[in-house]
Amino acid sequence: DIQLSYLQKRLDEKKIKLITTEKAKEYLAEEGYDETFGARPLKRLIQREIENPLAGKILSGEFKEGDSVFVDFVDGKLTFTKEEVKETV
């Protein structure tokens, strides 16, 4: 959660909210921990698996200012979807 909060702070500049499911967090925790190095590889994993793909999606216009990005772990990989905001009348 700490490493994801650092990413969220950077996304705040673009007014993009990151919503990460428990499945996605479990995947990151399992893959980002090493007995020798502890949680240090987690930062690189988040960069490779979330930051880099998300940056590409922002640059391509798939996600833009004001969006909420839902990160889940489905079929062995992280997925990114825009969470639809329901407008109130």
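The values are calculated or read from the model by the stated rules, or taken from the named source; none is laboratory data. As the structure is a prediction and not an experimental result, all values here were calculated from the model. Heads up, the Cβs are rebuilt from the backbone with ideal geometry, glycines too, and the neighbour counts pull from every protein chain shown.
The table below lists the values:
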quantity: Where a residue in the range 58-85 is over 21 Å from residue 22 (Cβ atoms) and of a type in the set (A, V, I, L, M) and its partner, wherever it lies, is modelled with pLDDT of 95 or more and in a strand (DSSP E or B), with Cβ under 7 Å and at least six apart; calculated: 85/68
quantity: Of all residues in the range 1-54 being among the hydrophobic types (A, V, I, L, M, F, W, C) and more than 12 Å from the chain's Cα centre (by Cα), the one that is modelled with the lowest pLDDT; calculated: 39
quantity: Residues located in the range 22-44, provided they are in contact (Cβ under 8 Å) with a residue 12 or more places away in the chain and under 16 Å from residue 73 (Cβ atoms); calculated: 23, 24, 25, 26, 27, 28, 29, 31, 32, 42
